[in-house]
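Shown next, in structure tokens, is the structure this report addresses.
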Amino acid sequence: MSDPAAPSPSPDARRALLDALSDELLALHPRGRILVAIDGVDGAGKTRFADDWAPVLRARGTAVVRASIDGFHQPRAARYARGRESAEGYYRDSFDLEALRASLVEPFRSGAEEVATAVFDHASDAAVDERESGIPRDAVLLLDGVFLHRPELRTLWHWTIWLDVPPEVRDARLRERDGEHSVAPRYTEGQYLYEKEANPRRAAAVIVDNADWAAPRRVFDDFC
């Protein structure tokens, strides 16, 4: 889901961080097909962050493919197979990971000129076929979404970012975006299961404190 409306960011603070991340990414991976995952809890600002980063990379001459795991939801029957209130169902059953691999990750990694950036629309509960074509040999895939550091996915990415926000900021953003139901135990406890199992904050290459839309900042922990 896209992130809720937010105050206009400070061009200096936000752009400085995105420039620094671009420098580091392109120094580490100057050529080839590079897969970058932008992870965080619901409401962390993942979509907005990736959307803001893409033009910064493009301005440097880097081809960018943008996609979100939201385009790879399971059908409603599969998402709610454990019950509509199941936190485990939210974590384990929300997304079609095989479709993500087969339609986007593997074709992009192998050098295909066309990939699917979405195969399912969860709102209409129907298949879709959204594609990006004409992808050059050297390109970056910026994929945003929840649960991208889960054990069965983390080896797919060349670089990962975890967007950190405190619970009160997360909840306020979600209520603004999706209403009160968005902070139901299904979602908050599903995130707890994920963080307990995958420890994404430790697994990420980069941690960004994204509590302030206007001034996100990189966090350097002892274990990073």
Have a look at VAL119, VAL146 and point out the one that is β-branched (Val, Ile, Thr), touching a helix residue (DSSP H, G or I) at 6+ places or on another chain (Cβ under 6 Å) and closer than 15 Å to ASP70 by Cβ. VAL119
Let me spell it out: the conditions are (1) at pLDDT below 95; (2) open to solvent by less than 40 Å² (accessible area, probe 1.4 Å); (3) more than 22 Å from ALA77 (Cα to Cα), and GLN191 meets all of them except one. Which number is the exception? (3)
Look at ASP23 and say whether it is under 29 Å from ALA211 (Cα atoms) and charged (D, E, K, R). yes
Return the total of residues in segment 66-119 being part of a loop (DSSP other than H, G, I, E, B), open to solvent by less than 40 Å² (accessible area, probe 1.4 Å) and either among the hydrophobic types (A, V, I, L, M, F, W, C) or free of Cβ contacts under 8 Å to residues at least 24 places away in the same chain (or both). 2
Only one of these conditions is not met by ASP178: (1) crowded, with 18+ Cβ neighbours inside 10 Å; (2) over 24 Å from GLU98 (Cβ atoms). Which number is it? (1)
Single match in LEU174, LEU143, LEU193, LEU153 (criterion: in contact with a strand residue (DSSP E or B) (Cβ under 6 Å, 6 or more places away or on another chain) and among the aliphatic types (A, V, I, L, M)): LEU143
Within segment 15-62, track down each residue that is outside any helix (DSSP H, G or I), exposed (fewer than 14 other Cβ atoms within 10 Å of the Cβ) and out of contact with any helix residue (DSSP H, G or I) (no Cβ under 7 Å at 6 or more places or on another chain). PRO30, ARG31, GLY32, ALA59, GLY61
Failed criterion for ARG154 (all others in (1) in contact with an Asp or Glu (Cβ under 7 Å, 6 or more places away or on another chain); (2) open to solvent by 60 Å² or more (accessible area, probe 1.4 Å) hold): (1)
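The values are calculated or read from the model by the stated rules, or taken from the named source; none is laboratory data. The model shown is predicted, which means the values in this text are computed figures rather than measured ones. In this analysis, Cβ positions are derived from the backbone assuming ideal geometry, glycine residues included, and neighbour counts consider all displayed protein chains. Heavy atoms of the whole protein, side chains included, go into the accessibility calculation; ligands, DNA and RNA do not. Shrake-Rupley method; radii C 1.70, N 1.55, O 1.52, S 1.80 Å.
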